1. Are there any pairs with C-beta distances below 9 angstrom linking a residue in the range 75-101 that is more than 11 Å from residue 116 (Cβ to Cβ) to a residue that is charged (D, E, K, R) and open to solvent by less than 50 Å² (accessible area, probe 1.4 Å), with the two at least 6 apart or on different chains, and if so which?
2. Is there a residue in the range 108-122 that is within 23 Å of residue 250 (Cα to Cα), among the aliphatic types (A, V, I, L, M) and in a helix (DSSP H, G or I)?
3. Filter the range 102-114 down to the residues that are under 25 Å from the mean Cα position of the chain (by Cα) and either closer than 15 Å to residue 36 by Cα or in contact (Cβ under 8 Å) with a residue 40 or more places away in the chain (or both), then identify the one that is surrounded by the fewest Cβ atoms within 10 Å (Cβ to Cβ).
4. Which residues, taken from the range 115-128, are surrounded by fewer than 12 Cβ atoms within 10 Å (Cβ to Cβ) and among the hydroxyl-bearing types (Ser, Thr, Tyr)?
5. Could you please let me know if residue 174 is surrounded by 19 or more Cβ atoms within 10 Å (Cβ to Cβ), of a type outside the set (A, V, I, L, M) and touching a residue at least 24 places away in the same chain (Cβ under 8 Å)?
6. Assuming residue 199 fulfils every condition listed in (1) open to solvent by less than 60 Å² (accessible area, probe 1.4 Å); (2) on the phi > 0 side of the Ramachandran plot apart from one, which condition is it?
7. Being part of a helix (DSSP H, G or I), out of contact with any Phe, Trp or Tyr (no Cβ under 8 Å at 6 or more places or on another chain), open to solvent by less than 50 Å² (accessible area, probe 1.4 Å) and at pLDDT below 90 narrows it down to one residue among 38, 31; which is it?
8. For residue 207, all conditions in the list (1) farther than 24 Å from residue 82 by Cβ; (2) surrounded by 14 or more Cβ atoms within 10 Å (Cβ to Cβ); (3) free of Cβ contacts under 8 Å to residues at least 12 places away in the same chain hold save one; what is the number of the exception?
Amino acid sequence: MGQDRQQLLLAKTCLLASQILMENGSELSRIDSTVKYISNTYSEGNDDIDAYVTSTLIIITANDPMDTDMQPLVLVEKTSVKSINLTKIDEINRLSRAFVAHELTLPELYRALQQLRKQNLLSVPKATAGSFLLSSTLTYLGTQNLLNSFLAGLFGMMGMYLVLRIYKYLHRPFIGELVVSAIITICVRLLMLMIPLSDYNAIIIGALFPLLPGVQLTTSINDIFDGNLISGPQRLLSAMILTLTMVLGSLLVYTIWR
């Protein structure tokens with residue numbers, strides 16, 4: 001019975017680690033590697049823990065190699081990519097390394113993963129400050145104009161803050177990006193009534209640049225190249241829809257403004 005409980009705890013730990021990685025935008029190869037690291041550290045050469053992961057479902061199967069009569073343990077959990085949070089992915093790597101180095105026991109790893117999943121490691125001030133730097137730098141490189149660069153940074157910072165707040169309350173993808181792209185376009189067009197702006201399109205593009213799904217696009221390509229032909233195309237389609245949503249928000253303002 002004790003061995004069965006340990007096997008169950010191992011399977012639940014692998015499932016929880018997979019959930020956190022998937023929810024925060026990890027590629028599937030990293031999830032598979034993490035499961036293998038944890039299971040092989042628990043019992044060297046343990047190939048009896050398997051993970052099947054898609055962008056919407058995680059299945060963990062566990063067998064006891066010493067008990068051929070035992071039915072396989074199967075854990076199934078629905079999941080989805082809730083956000084791109086590289087901080088949590090890095091923390092999973094740190095915890096798994098600590099477990100491999102025998103600095104954490106299996107129960108301690110499981111409790112640490114439970115706490116990590118509940119934590120909100122996204123810093124809104126850092127995200128908005130980073131958006132200002134990214135938007136302003138890219139706009140300056142494109143226009144060589146300090147005013148355009150500064151305005152793009154301000155609108156980029158505002159856009160990131162609004163997207164994070166909208167998602168916090170609605171928990172729906174695409175809506176925040178659609179609304180924010182429209183708001184930024186309206187703000188730039190209103191500002192043009194007071195200040196003659198050159199390259200105002202560059203300001204809008206620069207402000208929206210931090211919201212583009214670059215990490216999601218890269219992850220989808222990695223999944224496709226790794227042969228994950230379910231998750232990869234799903235993520236690629238999601239990234240394309242998100243980009244088109246932002247374009248649609250700006251186009252709606254341009255159409256109505258005329």
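The values are calculated or read from the model by the stated rules, or taken from the named source; none is laboratory data. What you see is a predicted model; the values in this text were computed from it and never measured. Positions of Cβ are backbone-derived with ideal geometry, glycine not excepted, and every protein chain shown enters the neighbour counts. SASA here: full protein model, heavy atoms, side chains in, ligands and nucleic acids out. Shrake-Rupley method; radii C 1.70, N 1.55, O 1.52, S 1.80 Å.
1. If the second residue must be charged (D, E, K, R) and open to solvent by less than 50 Å² (accessible area, probe 1.4 Å), the pairs left are 79/23; 80/23; 81/23; 81/235; 82/23; 83/23.
2. To start, the set of residues in the range 108-122 that are within 23 Å of residue 250 (Cα to Cα) comprises none.
No, there is no match, as no residue in the range 108-122 is within 23 Å of residue 250 (Cα to Cα), among the aliphatic types (A, V, I, L, M) and in a helix (DSSP H, G or I).
3. Of the residues in the range 102-114, the ones under 25 Å from the mean Cα position of the chain (by Cα) are 109-114.
Imposing the further condition that a residue be either closer than 15 Å to residue 36 by Cα or in contact (Cβ under 8 Å) with a residue 40 or more places away in the chain (or both) reduces the set to 109-110, 113-114.
Numbers: 109: 23, 110: 18, 113: 24, 114: 13.
So, considering only residues that are under 25 Å from the mean Cα position of the chain (by Cα) and either closer than 15 Å to residue 36 by Cα or in contact (Cβ under 8 Å) with a residue 40 or more places away in the chain (or both), the one surrounded by the fewest Cβ atoms within 10 Å (Cβ to Cβ) is 114.
4. Scanning the range 115-128 gives a single hit, 123.
5. Numbers: surrounded by 19 or more Cβ atoms within 10 Å (Cβ to Cβ): no; of a type outside the set (A, V, I, L, M): yes; touching a residue at least 24 places away in the same chain (Cβ under 8 Å): yes.
Criteria not met by residue 174.
6. (1)
7. Working: 38 fails: out of contact with any Phe, Trp or Tyr (no Cβ under 8 Å at 6 or more places or on another chain).
None of the others qualify; the one that does is 31.
8. (3) is the only condition that residue 207 fails.
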